[in-house]
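Notes follow the structure.
The values are calculated or read from the model by the stated rules, or taken from the named source; none is laboratory data. This one's a predicted model, so the numbers in the text were calculated from it and none came from an experiment. Quick reminder, even Gly has a Cβ in these numbers, built from the backbone with ideal geometry, and neighbours come from all protein chains shown. Ligands, DNA and RNA are excluded from the accessible area calculation, which covers all protein heavy atoms including side chains. Shrake-Rupley method; radii C 1.70, N 1.55, O 1.52, S 1.80 Å.
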Amino acid sequence: MTFEYTIDTLQPADWEQVCAIYQAGIATGQATFETQAPTWEQWNAAHLDVCRFVARAGEQVLGWAALSPVSRRQVYAGVAEVSVYIADFARGNRVGTALLTALVEQSEAHGFWTLQASIFPENQASLVLHRKHGFRELGRRERIAQLHGVWRDTVVLERRSRFIGAD
């Protein structure tokens, strides 16, 4: 199924659909170490106020992307972690590409020089998406944490801005 959609700023009113997409990602066991979606208040507090997007087809949210800080230390103010989640029914419509493109462009407009992602190696679609947007693999964190009692690895990727901090 093909969708026509726009990329919009994620609003609190989108939370129910955003949360459902997040919970579906959690349920796969391939998207995050989280085992349940947070409340809006928890999610809102954990993510930056800028660079929050949804892909929207009418009133339907197809996916979302946002940044979270990697540290509260001022020296890392230009470094953020990327989250991108796409609804199962919307995959194959370049929704991830549109969201990550918006996230990269707006992150640079807000002065971010490094975006990073930590992705399960089994999540090949996410790895391909990030590499397509200039993320490079830094390495693999072996047995970094357990999910449902099973040790899991993550692949660490980063994207350095060609404009911010390039001097």
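Values for this structure:
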quantity	calculated
Long-range neighbours under 8 Å by Cβ, at least six apart or interchain, first residue farther than 10 Å from Leu129 by Cβ within segment 95-117, second open to solvent by less than 50 Å² (accessible area, probe 1.4 Å) and hydroxyl-bearing (Ser, Thr, Tyr)	Ser107/Ser161; Glu108/Ser161; Phe112/Ser161; Trp113/Ser161; Thr114/Ser161; Leu115/Ser107
Boolean, Glu122 is among the acidic types (Asp, Glu), open to solvent by 20 Å² or more (accessible area, probe 1.4 Å) and either assigned to a helix (DSSP H, G or I) or modelled with pLDDT under 95 (or both)	no
Qualifying residue in segment 129-145 (condition: open to solvent by less than 70 Å² (accessible area, probe 1.4 Å), of a type in the set (D, E, K, R) and part of a helix (DSSP H, G or I))	no
Looking only at segment 1-56, and only at residues there that are at pLDDT 95 or above and charged (D, E, K, R), the one that is most open to solvent (accessible area, probe 1.4 Å)	Glu16
Any chance Val75 is open to solvent by 10 Å² or more (accessible area, probe 1.4 Å) and within 13 Å of the chain's Cα centre (by Cα)	no
Residue count, segment 80-92 (criterion: within 20 Å of Ala109 (Cβ to Cβ) and open to solvent by less than 20 Å² (accessible area, probe 1.4 Å))	2
Spans of strands (runs of 3 or more DSSP E) in segment 1-115 with at least 3 residues touching a Leu at 6+ places or on another chain (Cβ under 9 Å)	53-57, 60-69, 79-86
